[in-house]
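Read the figures in this text as sums done on the coordinates, not as results from a lab. The structure presented is a predicted model; accordingly, all values stated were derived computationally and were not measured. Here Cβ is always computed from backbone atoms with ideal geometry, including for glycine, and neighbour counts include all displayed protein chains.
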Amino acid sequence: MPGYTFIVQVGSQLFSRVERVVSQARVADIHTHLYDPGFHSLLKWGIDELLVYHYLVSESFRSGPWDYDRFWSASTSQQAEWIWNRLFVAQSPLSEAARGVITTLNSLGLDPRSGDLALLRQWFSLRTPEQHVEQVLEVAGVESVCMTNSPFDSEETVYWQRTPRRDPRFVGALRIDPLLLNWREARLTLKEQGYDPGESLNDAAVTAIRRFLEDWTRRIESRYCMVSTPPEFAFPAETDSAWILEKAVLPHCRDHGQAFAMMMGVRRGVNPRLRMAGDGVGQADLTALASLCRCFPENRFLVTCLSRECQQELVILARKFPNLHPFGCWWFNNTPQLIEETTTLRLDLLGTSFTFQHSDSRVLDQLIYKWKHSRVVLVDCLTQAYTRLAASGWVPTDVEMERDVHRLLGGSFNEFLEGARPVRHEGGIARDFESR
């Protein structure tokens, strides 16, 4: 076996090669909360939006006074100034989210050390959304982004009804959280939109739900369907959620070639006074995921978990079920340490049959820092993996590296979705629910 000196030398050479390949690769960002410019105010961008990002809102409340009401009654610009002073003036921006603002501004040619928020605002004010989209996608090295499109969001549905002019780089993805997690409210929305499901969960409700899903899937040209689930989510279970999932959502996904994405383990409203910034984390029960993968082999499941403790179990399940595709390091896992830990685990057990990262960006400009920071971690992880491989007698070529990086940055995701071709088959598990 090669000795230590050989490994060090090869590792150094591989680092330069991997860094070049990763830096030049274009990304398919498979999950964001962005919108294309045709959605006008729904597309968030600029310095104030960067600063009022919910990661930074919660962090800014780490130092008192904790005057929630005063903060939420302030304008966006006033909130941004408050966060700027607390996180960038009164202390060094060491957190990942705060450092991300610094990376973004520097990458756009702006000087965050000037301390002049007015000058930064002036620079952004001279740009159009279309101009900014072009520059951000180019600087971030991103070729496409999947949006998060909810037919339960009245502000968003207005734009879809107008048939907005679309940017093909912004891809639709159907978000259905209320349908599975709050049927009582979702039922009213379906009725308002002309899909009356009736009062009970029965065959008529299934028909209404499936028409609703089919129409929205076509309207937004959805790539996949998604939901964020709480730690308590269970399947199978005697719940509305499990019934709707089995009888309507998964058959819809199967018949229309839609993968079903689950973002598992978010605990909503841990501190309601922080609003969106007040959500927390819980350990998801992945026996539910195992049941879904086993009982619905013709469906494809895209999954990311919010709890660090779930990462190994998720990878092991993916080794057992080819219809399961892990993706990204979500939310509280989006730190260099945890991205490296999770990615190394996945490379060791899955090769390149997963998606390395998604940005989860809510502000357009965040694409820059989230992908710049993530690429650094990917270079380190792949260099270590290739160095171990070289020590075993296989030194990868540049072509092989480019292939692997392409798969990790969206290629494997697209291959997985290509397999979710529409089929007609009565799947599911051997249970029959009565009308509820």
*Taking the DSSP beta bridges in the chain as the whole, what percent of them are antiparallel, to the nearest 5?*
10 percent
*Would you mind calculating the relative contact order of the chain from Cα pairs under 8 angstrom and at least 6 residues apart, reporting the percent as a whole number?*
23 percent
*Got a sec to turn the phi values of the range 332-347 into Karplus ³J(HN,Hα) couplings, 6.51 cos²θ - 1.76 cosθ + 1.60 with θ = phi - 60°, whole Hz, x for Gly and Pro?*
6, 8, 7, 10, x, 4, 6, 5, 5, 4, 5, 5, 4, 4, 5, 4
*Step through the residues of the range 402-408 one at a time and calculate ³J(HN,Hα) from phi using the Karplus curve (6.51 cos²θ - 1.76 cosθ + 1.60, θ = phi - 60°), rounding each to whole Hz and writing x for Gly and Pro.*
4, 4, 5, 5, 4, 5, 5
*Could you tell me which of S241, M276, F152 has its Cα farthest along the dipole of the range 149-281 towards the positive end, charges placed at Cβ (Lys, Arg +1; Asp, Glu -1), taken about the Cα centre?*
M276
*Choose one of N182, S107, F88: the residue whose Cα lies farthest towards the positive end of the charge dipole of the range 82-195 (beta-carbon charges +1 Lys, Arg; -1 Asp, Glu; about the Cα centre).*
N182
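Charges only on Cβ, +1 for Lys and Arg, -1 for Asp and Glu: so what's the dipole of the range 69-170 about the Cα centre, in debye to the nearest 20?
140 debye
Quick one: net charge of L119's neighbours, Cβ under 12 Å, K/R +1, D/E -1? Please list the in-between numbers first.
On the way: positive: R113, R121; negative: D111, D116.
Taking every other residue near L119 into account, the sum is 0.
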*Counting DSSP beta bridges in the range 195-290, what percent are antiparallel, to the nearest 5?*
25 percent
*Residue exposure sequence - T128, T239 - by fewest surrounding Cβ within 10 Å*: T128, T239
_Taking R0 as 30 Å, what FRET efficiency do you get between Q122 and R70 from their Cβ-Cβ distance, rounded to the nearest 0.05?_
0.65
*Per-residue HN-Hα couplings for the range 101-116, Karplus 6.51 cos²θ - 1.76 cosθ + 1.60 at θ = phi - 60°, whole Hz, x for Gly and Pro?*
4, 4, 4, 5, 4, 4, 5, 8, x, 9, 9, x, 6, 5, x, 9
*Extension gain E214-E418, at 0.36 nm per residue separation less the Cα-Cα distance, in nm?*
71.6 nm
*Towards the positive end of the charge dipole of the chain, with charges on Cβ (+1 Lys, Arg; -1 Asp, Glu), say which of Q384, S228, Q122 has the farthest Cα.*
Q384
*Across the chain, how many lysine pairs, 8 or more apart or on two chains, come within less than 26 Å at their alpha-carbon atoms?*
4
*Would you mind calculating the gained length between Q337 and V270 on full extension (0.36 nm times residue separation, minus the Cα-Cα distance), in nm to one decimal?*
21.7 nm
*Which Cys in the chain stand alone, with every other cysteine's Cβ at 4.7 Å or more from theirs?*
C146, C225, C253, C293, C295, C329, C381
_For the chain, calculated [θ]222 nm from helices alone, where every DSSP H run of n ≥ 4 adds -39500 (n - 2.57)_ = -14500 deg cm²/dmol
*Let me know the Rg and Dmax you get for the chain when you use only its Cα atoms, in Å.*
22.6, 72
*asked:* How would V303, V227, V399, V376 line up from fewest to most surrounding beta-carbon atoms within 10 angstrom?
replied: V399, V376, V227, V303
*How many angstrom lie between the C-alpha centres of the range 315-385 and the range 115-151?*
24 Å
*May I ask you to sort E418, E59 by Cβ crowding, counting other Cβ atoms within 10 Å and putting the fewest first?*
E418, E59
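Under a Cβ-only charge scheme (Lys and Arg +1, Asp and Glu -1), can you give me the dipole magnitude of the range 293-387 about the Cα centre, in debye to the nearest 20?
Values: 10 positive and 9 negative charges, 42 e Å.
For this selection, approximately 200 debye.
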*Roughly how many debye, to the nearest 20, is the charge dipole of the chain about its Cα centre, given +1 on each Lys and Arg Cβ, -1 on each Asp and Glu Cβ, and no other charges?*
280 debye
